[in-house]
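Colleague: Handing you a structure now.
Only the coordinates and a few stated rules stand behind these numbers; no lab work does. Every value quoted in this text rests on a predicted model; they were computed, and no experiment measured them. Heads up, the Cβs are rebuilt from the backbone with ideal geometry, glycines too, and the neighbour counts pull from every protein chain shown.
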């Protein structure tokens, strides 16, 4: 693979990140969520999944930025304090941080997901070794994305599958962990709100 090809690829990624940052900054909701997250006291966290992807879809499909977004996924990683009480303290603190925004938060310590996953989804998973390892398993390539603001307010992005499906309006299954039923349920729900999406069959 030539250096020229790699340079072009890297430039494309950087351009996509700039476009993503511009879209997210245009959303009053996401902009404020990211701004306040820096005050959370957490370092190893992301705002991610549906609320980020759906903000981009809403921009592409000319819908209000908040359309169809049911909650804000706030994920962090703490493999030292694995009990529910420690996670609940974080949940309570974050709800207070965002109390006046009247948004629904879905806060999860990704280091302890394996403790409740079977009860919720019916099968065991191994513990995640990092926050990024957790994102790697999220249900679709377009929603496997996490963002947060750096100290200089630039956008830090983790997107293991890149951005082509996100900007291409393509929903593709990430079969690392989810089942076909989970995938089908999500895609049917999304098609009701964004019928222009291209759904890749399982």
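Colleague: Only helical DSSP H runs with n ≥ 4 go in: add -39500 (n - 2.57) per run for the chain, normalise by residue count and round the 222 nm mean residue ellipticity to 500 deg cm²/dmol.
Modeller: About -14000 deg cm²/dmol.
Colleague: Estimate the FRET efficiency between residue 158 and residue 84 by the formula 1/(1 + (r/R0)^6), using the beta-carbon distance for r and 35 Å for R0, to the nearest 0.05. Present the calculation step by step, with values, prior to reporting the outcome.
Modeller: Details: r = 26 Å, r/R0 = 0.74.
The calculated FRET efficiency here is 0.85.
Colleague: Antiparallel versus total DSSP beta bridges in the range 3-199: what percent is that, nearest 5?
Modeller: Values: 11 of 18 bridges.
Percentage antiparallel, nearest 5: 60.
Colleague: Pull out a ≥ b ≥ c, the square roots of the eigenvalues of the alpha-carbon gyration tensor of the range 110-202, then state rounded if a/c is under 1.5, prolate if not and a/b is larger than b/c, and oblate in the remaining case. List each step's numbers first, then the result.
Modeller: Numbers: a/c = 2.17, a/b = 1.02, b/c = 2.13.
It is oblate, given that a/c is not under 1.5 and a/b is not larger than b/c.
Colleague: With each pseudo-label sitting 7 Å past Cα toward Cβ, what's the residue 191-residue 38 distance in nm, one decimal?
Modeller: It works out to 4.2 nm between the two label points.
Colleague: At residue 100 and residue 119, where each label point lies 7 Å from the Cα along Cα→Cβ, what is the point-to-point distance in nanometres?
Modeller: Each label point lies 7 Å from its Cα, and together they span 3.6 nm.
Colleague: Students often check this: by mean Cβ neighbours within 10 Å, which of 122-134, 65-77 ranks highest, and how do the rest follow?
Modeller: Numbers: 122-134: 14.5, 65-77: 18.6.
Ranking, from highest mean packing down: 65-77, 122-134.
Colleague: Using mean Cβ contacts within 10 Å as the protection proxy, how do 17-23, 142-148 order, highest first?
Modeller: Values: 17-23: 15.7, 142-148: 24.6.
So the order, starting with the most tightly packed, is 142-148, 17-23.
Colleague: Which order do the peptides 96-107, 36-47 take when ranked by the mean count of other beta-carbon atoms within 10 Å per residue, highest first? Please report the intermediate quantities before stating the final value.
Modeller: Values: 96-107: 13.1, 36-47: 16.2.
Listed from highest to lowest mean packing, they are 36-47, 96-107.
Colleague: Please report the spacing between the Cα centers of the range 61-99 and the range 137-154 in Å, no decimals.
Modeller: So the separation of the two Cα centres works out to 14 Å.
Colleague: Take the Cβ-Cβ distance between residue 92 and residue 63 as r, set R0 to 35 Å, and report the resulting FRET efficiency rounded to the nearest 0.05. Kindly include the intermediate steps, with their values, before the conclusion.
Modeller: On the way: r = 33 Å, r/R0 = 0.93.
Plugging the Cβ-Cβ distance into 1/(1 + (r/R0)^6) gives 0.60.
Colleague: Now for a different question. Looking at the square roots a ≥ b ≥ c of the eigenvalues of the Cα gyration tensor of the range 109-161, which shape do they give, rounded for a/c under 1.5, prolate if a/b is larger than b/c, or oblate? Before the final figure, lay out the partial values.
Modeller: Numbers: a/c = 3.09, a/b = 1.99, b/c = 1.55.
Prolate.
Colleague: Which of the three applies to the range 1-152, rounded, prolate or oblate, going by the alpha-carbon gyration tensor with a ≥ b ≥ c and a/c under 1.5 meaning rounded? Please report the intermediate quantities before stating the final value.
Modeller: Values: a/c = 1.73, a/b = 1.27, b/c = 1.36.
In terms of gyration-tensor shape, oblate.
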